[in-house]
Every structure is written in C-alpha cells, then in structure tokens.
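Below you'll find the structure, written out as structure tokens, and then a few comments.
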Amino acid sequence: MPVAEPSEAASVDEPTVAEKPRGPRRIGVLLVIAVLAFLIDLGSKLLVVAKLENHSAIKVVGDVVTFQVIRNSGAAFGMGQALTVVFTMIASAVIVVIWRIARRLYSLPWAIALGLLLGGALGNLTDRLFRSPGVFRGHVVDFISVQHFAVFNLADSAIVCGGILVVLLSFRGSNPDGTVHQQGGKGE
C-alpha cells in the first residue's frame, strides 16, 4: 500500500506526527516492570527493617555508601516533613495519570519508563499507607546513604530512573502511543 506524501501546503512550523502505531500495546511490559520494581523495593525494605533498624550503619563502599535505616516523613532530602498527607495524594495522582496514559501505550521505552515510575510510586505509597505513625501519614523507609548526598530507597531509584527516561524520550520526540513528534523548520 503506497504511503501518502505529506502535503507541501502544510506549514513548515506545524508539528508532524507519524501514522497510528502498529503492534501490540505495551501495558503488560509496564505492569511487569512496575510489579518487579515494587516487589524489589518492598523486599529490600522488609529486610533492612528486620536486620538493620536500631543497629549501626553497615559500610558498603567505605564511608561513601552505607546502609542505615531512616524513617522519612517528607520528600527527597527530608524536605516537607509536615506534608506527608500531601505526598500521599501526589503519589496517588501519579498512579492514576500513569494508568490513564497506559490505555494508549504502544512504545516499549515508554512502558519501561512508566513501569519504573509506577513501581516506585507504589513502593513509597505503600509505606505512607501502612507504616507508622498511621494511614496516610506513614514514614517511608530509606536505607541507602551516600556521603554528602541523601538517604534513599529502591523506590526512589526507580522513580529517578523512570523520570530520566521520560525526559530523554520527550527530548527525542517519542510519544507513549509509539508515534514520533517532530518539529519542522529546525534550520530557521
């Protein structure tokens, strides 16, 4: 079947979008990545709470990387400690947005990125819902300490990696539905 040529009358500055994607939806990949990220995070937190809480830090790479349990009521770097309920709502909103995007997901890289974001958000949301001091106010278990940086967990790592991948895909013009958004007139 011949492919239609783009109209020469179209504006050079008008964005062009490829045809509707062909091939399978990538929701399964998103869900597998999300479940793996969630289970690895949950397992690591259960292990470190059982073995490391109330114990001295374990040196992993000298003093540069250590394992120590920290209960974090806030966000990254301990910011916003009085906003635990807000962070719970934000994580819930992120999950809903990812699920809405997933309905039109055909891109494998986007499935991986969104799966990492979903798994990480679920991991930290689980702490906020089920850890003390109570529902919607639970403190997230952080345990990977990097000298002169922060203490974080594997859910945080999944969120950061997923976020970086989303930014890279966006800069490349890739859309979750498998199309590529290209801006015309780059030489102008």
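The values are calculated or read from the model by the stated rules, or taken from the named source; none is laboratory data. Remember, it's a predicted structure, so these values are computed and weren't measured experimentally. Here the Cβ is made from the backbone with ideal geometry for all residues, glycine too, and neighbour counts use every protein chain on show. In case anyone asks, the SASA skips ligands and DNA or RNA and just uses the protein heavy atoms, side chains included. Shrake-Rupley method; radii C 1.70, N 1.55, O 1.52, S 1.80 Å.
Sticking with the crude label model, points 7 Å out along Cα→Cβ, report the distance from Val96 to Arg137 in nm, one decimal please.
For Val96 paired with Arg137, the spin-label model returns 2.4 nm.
Taking 0.36 nm per residue of separation and subtracting the Cα-Cα distance, what length does fully extending Asn54 through His148 add?
Numbers: separation 94, 0.36 × 94 = 33.84 nm, distance 2.22 nm.
Taking 0.36 nm per residue and subtracting the Cα distance, the gain is 31.6 nm.
To the nearest 10 square angstrom, what accessible area does Ile144 show with a 1.4 Å probe?
In the full protein context, Ile144 sits at about 20 Å².
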